[in-house]
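The values are calculated or read from the model by the stated rules, or taken from the named source; none is laboratory data. This one's a predicted model, so the numbers in the text were calculated from it and none came from an experiment. For neighbour counting, all protein chains shown are included, and Cβ atoms are generated from backbone atoms with ideal geometry for every residue, glycine included. To get the accessible areas, we keep the full protein, side chains included, count just its heavy atoms, and leave off ligands, DNA and RNA. Shrake-Rupley method; radii C 1.70, N 1.55, O 1.52, S 1.80 Å.
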Amino acid sequence: MNAPLPPWLEFFTFSSANARLVFIGCVLLGLTAGVIGCFAFLRKRSLMGDALAHAALPGVCAAFLLTGTKEPIVILVGATLACWLAALSIDLIVRHTRCKEDSALGMVLSVYFGVGILLLTYIQRSGNAAQSGLNRFLFGQAAAMLHRDVWTFGILSVLLLGTVALAYKEFKVVSFDPQYARTAGVPSRFIETLLATLIVLAVAIGLQAVGVVLMAAMLVTPAAAARYWTHRLSTMLVLAGAFGAASGAIGAYVSYLGPRMPTGPWMVVSITSLFLLSLLFAPRRGVFARILQLRNTRKRTAMENVVRTLYVLGEKEQRVNAARTLADLLKHRPMTLHAMDRTLALLIDQGLVEESLQGRYSLTEAGIERAAHLTRIHRLWELYLTRKLDLAPDHVHDDADEIEHIITPELEARLIAALDNPDADPHASHIPARASEDIAKQVSL
């Protein structure tokens, strides 16, 4: 006779019918909410999910009062109608009053949820025995899922995801550029109504598992986490769906291991943890990636400042490769001794500066080319500020000292055109000529 598996391993056999239903239902909810929530997130309407989720409560209560049953399809219809009325209310308030959208969302959320709490209190005090468990729609109770609930979720999920696949291009253009969508002949009003309907149905799906209070987190957080990893909408939809599904699976697993662990809150904790990981470690947009970018930018700026200082000092003697001591450089470029020493070491490694035996530093040919380009940009920008903005020549150096590090070849070409290819800056200093046709291919710092 085989020994029974421990609970942490037994879950993955899906031998328990209840665990199987909760797992499938939560994964479907997370997947669908993650994908649909991307469009609300991109259209800066994240609070819409919060308002609609809270607005579902009076619909749930009204459906029970009218029918006396808690059949999932009845509750779903009631919640959907209430969400739709809430969405319509928000639209009417924004279009016919001077209230902004965030104010309208706050008003609708408060009023509908307040009415829902009043109806729920009335039902609980009515003595109706069938009302037992109705308050689970506040925080969700995934453990109470039945086969019919999962089938309903499955059908709605296929319907919602299929709609997104069919109308992907229209959703994309309306989400990123509504004005262009209208000029291109896309029926923006219909697409926006369709998107609002998808959000309403996604909220209705999540009521039983997560509840009205936490449903907004399942709509917004997967999309916010996915946004850190990609700029492409198609990839974002896949990632948000995967994050939402993973949080559903984790919530179901934790609640299986601990019977007193509610599934919905654990789903929210899981997706919030995924968001924090994305916030910290996502490439390019994560906190650590930004810190690294800032560090590299500061290092590159310091290197460019030193090579330009060497160039300008040598320019006065008409010998740009003249050697300078560390003290000379520190006198003209305010840096700490440690920073200057470290920057010179980096420049030597890059082949832009060479050190003589007497502890002097001079530009190499590559360093001269790079420094001449930086000086050219610096002086062009100074001239632009004096000519176009009428700034005094003695007030433009600091601004040019910062801008010279970020001017692109395209902006340089526009500056030359705007200034009619000048050869001297506001201080009558010579503007170095371009060293090559493709200045963007200079030695990278």
message = Quick check on LEU380: is it in a helix (DSSP H, G or I), open to solvent by less than 30 Å² (accessible area, probe 1.4 Å), without any contact (Cβ under 8 Å) to a residue 60 or more places away in the chain and in contact with a helix residue (DSSP H, G or I) (Cβ under 9 Å, 6 or more places away or on another chain)?
response = yes
*Would a scan of the range 184-198 turn up a residue that is part of a loop (DSSP other than H, G, I, E, B) and crowded, with 21+ Cβ neighbours inside 10 Å?*
no
task: Determine whether the range 22-36 contains at least one residue that is farther than 30 Å from PRO259 by Cα and in contact (Cβ under 8 Å) with a residue 24 or more places away in the chain.
output: yes
Filtering the range 168-217 for residues that are aliphatic (A, V, I, L, M) and touching an Asp or Glu at 6+ places or on another chain (Cβ under 7 Å) leaves a count of 4
- [ ] Could you please let me know if ALA104 is open to solvent by less than 50 Å² (accessible area, probe 1.4 Å), aliphatic (A, V, I, L, M), assigned to a helix (DSSP H, G or I) and closer than 23 Å to PHE139 by Cα?
- [x] no
Of the listed residues (GLY206, GLY241), the one being at pLDDT 90 or above, within 30 Å of ASN135 (Cα to Cα) and of a type outside the set (Phe, Trp, Tyr) is GLY241
With the first residue restricted to the range 313-341 and required to be farther than 14 Å from ALA371 by Cβ, and the second required to be surrounded by fewer than 17 Cβ atoms within 10 Å (Cβ to Cβ) and among the β-branched types (Val, Ile, Thr), Cβ contacts under 9 Å at 6 or more apart or on different chains are LEU330/THR336
Quick check: anything in the range 364-371 touching a Lys or Arg at 6+ places or on another chain (Cβ under 7 Å), in contact (Cβ under 8 Å) with a residue 40 or more places away in the chain and more than 20 Å from ILE431 (Cβ to Cβ)? no
inquiry  = Would you confirm, using the coordinates I've provided, whether LEU85 is at pLDDT 90 or above and surrounded by fewer than 20 Cβ atoms within 10 Å (Cβ to Cβ)?
reply    = yes
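Only one of PHE64, PHE153, PHE113, PHE139 is open to solvent by 80 Å² or more (accessible area, probe 1.4 Å) and of a type in the set (Phe, Trp, Tyr); which? It would help to see each step written out before you state the result.
Working: PHE64 fails: open to solvent by 80 Å² or more (accessible area, probe 1.4 Å); PHE153 fails: open to solvent by 80 Å² or more (accessible area, probe 1.4 Å); PHE113 fails: open to solvent by 80 Å² or more (accessible area, probe 1.4 Å).
Going through PHE64, PHE153, PHE113, PHE139 in turn, the sole match is PHE139.
Every residue, every condition in (1) farther than 30 Å from MET218 by Cβ; (2) under 36 Å from the mean Cα position of the chain (by Cα), yes or no:
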{"site": "LEU276", "(1), (2)": "no, yes"}
{"site": "ARG290", "(1), (2)": "no, yes"}
{"site": "THR297", "(1), (2)": "yes, yes"}
{"site": "THR309", "(1), (2)": "yes, no"}
{"site": "GLU317", "(1), (2)": "yes, no"}
{"site": "THR336", "(1), (2)": "yes, no"}
{"site": "THR343", "(1), (2)": "yes, yes"}
{"site": "ALA366", "(1), (2)": "yes, no"}
Matching residues in the range 165-183 (within 21 Å of the chain's Cα centre (by Cα) and not in a helix (DSSP H, G or I)) number 1
Can you confirm whether LEU374 is within 17 Å of GLY314 (Cα to Cα), in contact with a helix residue (DSSP H, G or I) (Cβ under 7 Å, 6 or more places away or on another chain) and either in contact (Cβ under 8 Å) with a residue 60 or more places away in the chain or not in a helix (DSSP H, G or I) (or both)? yes
Among residues of the range 392-404 being within 39 Å of the chain's Cα centre (by Cα) and open to solvent by 20 Å² or more (accessible area, probe 1.4 Å), the residue nearest to ASN321 (Cα to Cα) is ASP401
Matching residues in the range 115-164 (outside any helix (DSSP H, G or I) and either closer than 22 Å to ILE205 by Cβ or in contact with a Phe, Trp or Tyr (Cβ under 9 Å, 6 or more places away or on another chain) (or both)) number 8
Flagged pairs (Cβ under 6 angstrom, 6 or more apart or on separate chains; first in the range 195-218, under 13 Å from VAL35 (Cα atoms); second in a loop (DSSP other than H, G, I, E, B)) are MET218/VAL210
Self-check item: Residue check for LEU391: hydrophobic (A, V, I, L, M, F, W, C), without any contact (Cβ under 8 Å) to a residue 24 or more places away in the chain and farther than 26 Å from ALA424 by Cβ
Solution: no
